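The values are calculated or read from the model by the stated rules, or taken from the named source; none is laboratory data. Keep in mind it's a predicted model, so treat the numbers as computed, not measured. Positions of Cβ are generated from backbone atoms using ideal geometry, with glycine treated the same way; all protein chains shown enter the neighbour counts.
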């Protein structure tokens, strides 16, 4: 695998990466960067969460920015507020030692008037959720005509969340090149590609077998539905003060499990789609600062959660899709550290575990 320097990344960017503990390119970074760095092209990347997409598109994107030009030169679209903020934070960190570049994030849940004022200042890279970006375009607070590159991060998730019309409008307004990243290629994504991207643009697919972080140990406990709480309590007692995330399938499951865990004295917060944005922000701040030990959440609400030093994730129920398991387990085992992904498995989960092992090339170990 080549180094970032061998891929053509400038020394000042490399300095920022090394400070973040990013020393070697992941597969998607090693393959994507040469296709995008210094090139004028559309691009399609099929890769799941946790593969290192942000640096794969972010470094070529930032390398093309003219720091002397104050207008918006690049736009990154993300499906959720959390993911948008995480992407903008990473882009900002990459530029710590470069010439000054200004990035800003706009998404629903924040005051639009504050965003309109902020956008009057120089902004070269704008990270946004599609709905809020179109609101700002309609208010003439954002001009997309000078955008050289539009990045769609997790395009399939944006379609699932109902942003199809907004994305279509944004793609028409931004006349530059389009870099589209998606874990899956459903019909809606294929139509979008056919309509807006060059027919001969590069297409890169990262093999699923390389997606799961090798520093994560995959365990499962065989139990009944009624025994899950006790198994989780015992596991949490063994982990001391370590922080982790418990994933549930539905909003109601997260609420119910948060209540069930309270009598045992484990500090926790519950994150789900019906919370007000101010509540979500408050709970995430508490978790990131270590004031609470456990975050209980659904897959959708967990999009974009970026917390260092998480020791484990627990699957109260297994997700329906492989990519959600990858996303969940990828919250732990970061920056070269090890982590545990624990599944509470009933007898109905046997075939699902076998499929995860086969498809993701991982090995589960049963623990008592």
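Read through the list (1) outside the structural domain of residue 48 (by TED's automatic domain parsing); (2) in contact (Cβ under 8 Å) with a residue 24 or more places away in the chain; (3) outside any helix (DSSP H, G or I), then give the number of the only condition that residue 201 fails.
(1)
What are the pairs, 6+ residues apart or on separate chains, where a residue within region 314-333 that is touching a residue at least 60 places away in the same chain (Cβ under 8 Å) has its Cβ under 6 Å from a residue that is in a helix (DSSP H, G or I) and crowded, with 24+ Cβ neighbours inside 10 Å?
Listed pairs, sorted by first residue: 319/325.
Somewhere in region 316-331, is a residue part of a strand (DSSP E or B), at pLDDT 95 or above and touching a helix residue (DSSP H, G or I) at 6+ places or on another chain (Cβ under 8 Å)?
No, region 316-331 contains no residue that is part of a strand (DSSP E or B), at pLDDT 95 or above and touching a helix residue (DSSP H, G or I) at 6+ places or on another chain (Cβ under 8 Å).
Which one is modelled with the highest pLDDT among residues in region 206-225 that are part of a helix (DSSP H, G or I) and farther than 11 Å from residue 344 by Cα?
208
Given the criteria in the same structural domain as residue 149 (by TED's automatic domain parsing), closer than 28 Å to residue 45 by Cα and either modelled with pLDDT of 95 or more or touching a strand residue (DSSP E or B) at 6+ places or on another chain (Cβ under 8 Å) (or both), does residue 181 qualify?
Criteria met by residue 181.
Can you tell me which condition residue 342 does not meet? The list is (1) in contact with a helix residue (DSSP H, G or I) (Cβ under 9 Å, 6 or more places away or on another chain); (2) crowded, with 21+ Cβ neighbours inside 10 Å; (3) part of a loop (DSSP other than H, G, I, E, B), and all the others hold.
Residue 342 satisfies every listed condition except (3).
Looking only at region 148-170, which residues are under 21 Å from residue 189 (Cβ atoms) and part of a loop (DSSP other than H, G, I, E, B)?
Scanning region 148-170 gives 153, 154, 161, 162, 163.
Could you tell me which numbered condition residue 290 fails, if it satisfies all but one of (1) in contact with a helix residue (DSSP H, G or I) (Cβ under 7 Å, 6 or more places away or on another chain); (2) closer than 24 Å to residue 89 by Cα?
(1)
Looking at (1) part of a loop (DSSP other than H, G, I, E, B); (2) on the phi < 0 side of the Ramachandran plot; (3) touching a residue at least 40 places away in the same chain (Cβ under 8 Å), which one does residue 145 not meet, given that it meets all the others?
In the conditions (1) part of a loop (DSSP other than H, G, I, E, B); (2) on the phi < 0 side of the Ramachandran plot; (3) touching a residue at least 40 places away in the same chain (Cβ under 8 Å), residue 145 misses (3) alone.
If you take the residues in region 37-77 that are on the phi > 0 side of the Ramachandran plot and under 13 Å from the mean Cα position of the chain (by Cα), which one is surrounded by the fewest Cβ atoms within 10 Å (Cβ to Cβ)?
52
Could you grab me the full set of residues in region 111-123 that are in contact with a helix residue (DSSP H, G or I) (Cβ under 9 Å, 6 or more places away or on another chain) and buried (at least 16 other Cβ atoms within 10 Å of the Cβ)?
Answer for region 111-123, where residues must be in contact with a helix residue (DSSP H, G or I) (Cβ under 9 Å, 6 or more places away or on another chain) and buried (at least 16 other Cβ atoms within 10 Å of the Cβ): 115, 116, 119.
So for region 340-348 (the condition being modelled with pLDDT under 90 and either under 21 Å from the mean Cα position of the chain (by Cα) or under 30 Å from residue 93 (Cα atoms) (or both)), does at least one residue qualify?
no
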